[in-house]
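Q: The structure is given below, and queries will be raised subsequently.
Only the coordinates and a few stated rules stand behind these numbers; no lab work does. All values derive from a computational prediction rather than experimental measurement. No Cβ is skipped: glycine too gets one built from the backbone with ideal geometry, and neighbour counts run over all protein chains shown.
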Amino acid sequence: MQHSTRRRRARYRRVLWSGAELLVTAGVLVLLLVAHQLWWTNREAKDGAERRVEALEREWGAGASGAEGSAGGTASGAGGASGEAPARSDGGTGQGGQGGRGGQGSSSAGPRSSQAYAVLRIPRLGLRVPVAEGTSKQNVLNKGYVGHYAGTGQPGQDGNFAVAGHRNTHGEPFRYLNRLRKGDEVEVATRNATYTYLVDKILPQTSPRDSGVIRPVPRSLIEPAYGYDAPGRYLTLTTCTPEYTSRYRLVVWGRLVATLPRV
């Protein structure tokens, strides 16, 4: 009888020990997954995004140098000018396919899907990040890029140049977007020019489906007190809020104040 009791106790101890080992192993795996999401994806995406910015700037510099040696000494086009997206309900009738005055020029067919073609700079945040066409998570946002909402305006154009970026993980370019204040500068550099916008309005929280915030004349459909009434040349920055969630969107708007052609 005593031997049987000791055997049962020994079996219980082995079961408890095995269960504890499984829990510890599962905890380690969860910690490794969290570390991968919060550290490795950030490092990998940030490094890749910085390399892309440098490549774009080298390409533009080489293009400008080649143009200076040509007849007339003027770069071609110098007179003209990247799960985060709100749903669109305007039938995609933005300005993105048009060569609006001050934009990239009507002779351009526009960037290809997922192509990095501009650089967004926000001095207050120390941010310098590529802008790519579209808001695909796999091909744009998860690479640490900012994504341009297809169908909205291009930099410097009449209408609304609207972009999205991750708040957390995968480079998190818009991690500190909530720190922007009215009057802060946001620059968008392209092959043809650098466009300077000043932050004008901030919508702290709205629905992910608030498509009004990226319309040509942006105004929230959920919070109609936020937005604009007249056409202009606008910039819209969107990201998730609160941090580490995707429940709502934070929106920052700006107005174009200066255009510096690349020569």
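Q: Evaluate the Debye formula for segment 190-244 with equal point scatterers sitting on the alpha carbons, no solvent, and hand back log10 of I(q)/I(0) at q = 0.21 Å⁻¹, in q order, two decimals.
A: -0.85
Q: A further question on this structure: On a straight-distance basis, which lysines could pair with LYS143 in a cross-link, Cα separation under 20 angstrom, same-chain partners fewer than 8 positions away excluded?
A: Straight-line reach from LYS143, under 20 Å: LYS46.
Q: Under a cut-off of 20 Å between alpha-carbon atoms, report the lysines in cross-link reach of LYS182, not counting same-chain residues fewer than 8 places apart.
A: Counting by Cα, and skipping residues close in sequence, LYS182 has these lysines nearby: LYS201.
Q: Still on this structure, please answer the following. Sort 208-215, 160-167, 55-62 by packing, meaning the average of other beta carbons within 10 Å per residue, with the highest value first.
A: 160-167, 208-215, 55-62
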